[in-house]
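Take a look at the structure below.
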Amino acid sequence: GRGLLRDKVVMVTGASSGIGAAAGRVFAAEGAAVVLVARREERLRELADEIAAAGGRALAATGDVTREADVERAVAEAVSRFGRLDGAFNNAGYTVAGGLLHETDPEVFEQIMAVNVRGVWNCMRHQIPAMLDSGRPAAIVNTSSVAGVLAAGVSSVYVAAKHAVLGLTRAAASEYGQRGVRVNALVVGSTRTELMDEVLEDTPSLEESFVGRSVQKRMAAPEEIAHSAAWLCSDRASFVTGAAMPVDGGWT
Ligand code: NDP
């Protein structure tokens with residue numbers, strides 16, 4: 001095989017849409033066997049078929065990252081189909097538009113924390129043992145956000161959740177640093193995806209401020225985030241761990 005991720009088996013969560021779907025395509029084009037995880041089975045199958053038709057290797061592993069049994073099964077499917085797990089892009093995420101903290105429904109707190117925080121923790125908890133078993137260098141990339149570093153004008157719960165993703169990333173990087181598992185996070189800026197469309201539909205005025213905060217005065221295409229994730233997953237990033245890498249078009 002050839003490419004940045006040749007001979008790698010990489011799980012991608014949130015692969016049915018946006019950044020995760022772009023990552024499925026990009027990682028496969030870089031030579032990885034990709035294990036696609038999300039709840040919408042039909043979309044995952046279409047993407048897996050598209051990747052296979054382009055000569056890549058892909059497995060649709062339908063599941064909800066908030067459910068431990070689903071995550072455990074996806075890791076087991078990766079190992080049984082492709083022999084091991086070398087990498088993971090824990091990217092599944094969810095938010096609502098802003099809204100003041102005191103006006104936010106407690107149920108929204110539970111939902112946002114479940115997907116963004118418990119989901120990443122669940123995934124790492126089951127991916128890491130498989131990675132340690134492989135005896136090969138392994139890498140995890142978690143999707144944080146500019147909201148993981150500052151308030152960014154979105155829901156307080158999302159801000160807290162994406163800060164937590166950086167905490168989980170640093171803790172795991174520290175715990176597994178001597179065991180061959182690197183763990184990094186992407187600090188993603190505004191990106192054109194369904195999640196962004198939903199936020200802007202709810203609060204159209206955010207578009208101008210999101211675009212304006214990038215020094216490039218635009219949003220990212222999902223592929224631009226996916227290429228950074230591919231590099232962090234690859235052995236080219238062998239001395240990079242515990243990092244929070246901005247991919248934000250220069251956020252000011
Ligand atoms: P999309 O809404 O396009 O994609 C989100 C993905 O997450 C979908 O594939 C969805 O699939 C999946 N997902 C949601 N909940 C679950 C769940 N419980 N279990 C499994 N999969 C789930 O959004 P983006 O591509 O924009 O988001 C990707 C990541 O990037 C998120 O972590 C987001 O917070 C982050 N981000 C996005 C930014 C942006 O501007 N777009 C900026 C900064 C960070 P399904 O519904 O099929 O389960």
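Of note:
- In the chain, a dipole from Cβ-located charges (positive for Lys and Arg, negative for Asp and Glu) runs towards its positive end, and of 78, 132, 97 it is 132 whose Cα lies farthest in that direction.
- In sequence order, calculated HN-Hα J values of the stretch 158-175 (Karplus, 6.51, -1.76, 1.60; Hz; x Gly/Pro): 5, 4, 5, 5, 6, 4, 4, 4, 5, x, 4, 4, 5, 5, 5, 4, 5, 5
- Karplus-derived 3J(HN,Hα), 6.51/-1.76/1.60, for each residue of the stretch 138-144, Hz, glycine and proline x: 10, 8, 10, 10, 9, 8, 9
- Potential extension, residue 163-residue 7 segment - 0.36 nm per residue separation minus Cα distance: 52.9 nm
- The slack in the chain from residue 240 to residue 136, taken as 0.36 nm per residue of separation less the alpha-carbon distance, amounts to 35.8 nm.
- Between the stretch 28-55 and the stretch 227-252, the alpha-carbon center distance in angstrom: 23
- Cβ-based net charge around residue 73, under 13 Å, with every Lys or Arg adding one and every Asp or Glu removing one: -3
- The charge dipole of the stretch 1-129, taken about its Cα centre with unit charges on the Cβ atoms of Lys, Arg (+1), Asp and Glu (-1) only, comes to about 620 debye.
- Extended-chain gain in nm, criterion 0.36 nm per residue less alpha-carbon gap, residue 209 and residue 223: 2.8 nm
- Alpha-carbon Rg with Dmax, taken over the stretch 9-245, Å: 16.8, 51
- Equivalent ellipsoid of the stretch 22-150: semi-axes from √(5λ) of the C-alpha gyration tensor, largest first, are 28, 17, 14 Å.
- With K and R counted +1 and D and E -1, the other residues having a Cβ less than 13 Å from that of residue 183 yield a net charge of +3.
- Taking every alpha-carbon pair under 8 Å whose residues sit at least 6 apart, the chain reaches a relative contact order of 20 percent.
- Taking amide H atoms as placed 1.01 Å from N in the peptide plane, the amide H of residue 56 has no partner under 5 Å among residues 5 or more positions away or on other chains.
- Placing +1 on the Cβ of every Lys and Arg and -1 on the Cβ of every Asp and Glu, with nothing else charged, gives the chain a dipole about its Cα centre of roughly 1120 debye.
- Local electrostatic count at residue 49 - Lys and Arg +1, Asp and Glu -1, tallied over other residues with Cβ under 13 Å: 0
Since every read-out is calculated from the coordinates, none of them should be taken as a lab result. What you are looking at is a predicted structure, and each value in this text was computed from that prediction instead of being measured. All Cβ positions, even for glycine, are placed from backbone atoms using ideal geometry, and neighbour counts span all protein chains on display.
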